[in-house]
Amino acid sequence: MSHWLFIHIMKTAGTSFRTMLENHLGKGVYPTKEEVKQLPDRFYLRPPQFVEWLTDGRLDLTGRRVVCGHYSAAFVQALPGSWRTATVLREPVARTLSMIAHHHRDRRRMFDFRGRLPVAEYLDNPSFVASKILNYQTKVFAAGPMDNVNQPYPIDAAAFERAKERLDAVDFVGLDRKS
């Protein structure tokens, strides 16, 4: 039985993909929607916490075929045994606009009467741009196994080359064509 790590890149249809997997595999997917609700902050475990819980027995992956999370592509190196990898990529501008809309909704703000997003408000926020927008998909493939992909990460020439190599090593890459 193959074990898969689904590298869930935010705003690339990852939740829809995880839901489809859960509908077909049930408890074969970690975490299920119900398990996410029980996790700290109702969010995927951070890489160091995931490894700690796996090591001390708080997390048992017996019977799990797929692990999903906002992890770097290198996180597969931290998992015991042999794992295949899958991810979904999205055109960066569409992903950025979707991320802005997501954060806007999460803050329970209402769209103005013309239905426009305050894009400039988010793009003028250096912390938001550095952690959620700037080279985000590249960062997921360049970062180390224990790095938090939702933190700023510099992309220089070496990081870009590392990202290309890791992307090339992914077993399945889907493309989200939503605009």
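The values are calculated or read from the model by the stated rules, or taken from the named source; none is laboratory data. Keep in mind that this is a model prediction, so the values were computed, not measured. Cβ atoms come from the backbone with ideal geometry, glycine included; neighbour counts cover every protein chain shown. SASA here: full protein model, heavy atoms, side chains in, ligands and nucleic acids out. Shrake-Rupley method; radii C 1.70, N 1.55, O 1.52, S 1.80 Å.
Scanning region 91-100 turns up one or more residues that are among the charged types (D, E, K, R) and not in a loop (DSSP other than H, G, I, E, B). Filtering region 54-64 to residues that are closer than 19 Å to Leu21 by Cβ and either open to solvent by less than 40 Å² (accessible area, probe 1.4 Å) or among the polar types (S, T, N, Q) (or both) leaves Leu59, Leu61, Thr62, Arg64.
Annotation: His103 fulfils all but one of (1) open to solvent by 80 Å² or more (accessible area, probe 1.4 Å); (2) modelled with pLDDT under 95; the unmet one is (1). Residues satisfying the criterion are present in region 28-42 (criterion: at positive phi, out of contact with any helix residue (DSSP H, G or I) (no Cβ under 9 Å at 6 or more places or on another chain) and at pLDDT below 95).
Return the total of residues in region 37-71 being in contact with a Phe, Trp or Tyr (Cβ under 7 Å, 6 or more places away or on another chain) and either touching a residue at least 60 places away in the same chain (Cβ under 8 Å) or of a type in the set (Val, Ile, Thr) (or both). Residues in region 37-71 being in contact with a Phe, Trp or Tyr (Cβ under 7 Å, 6 or more places away or on another chain) and either touching a residue at least 60 places away in the same chain (Cβ under 8 Å) or of a type in the set (Val, Ile, Thr) (or both): 8 in total.
Quick check on Thr96: is it more than 21 Å from Arg46 (Cβ to Cβ) and either at pLDDT 95 or above or not hydrophobic (A, V, I, L, M, F, W, C) (or both)? So Thr96 passes the test. Here the condition is being assigned to a strand (DSSP E or B) and surrounded by 14 or more Cβ atoms within 10 Å (Cβ to Cβ); of Val67, Val51, Val76, Val36, it holds for Val67 alone.
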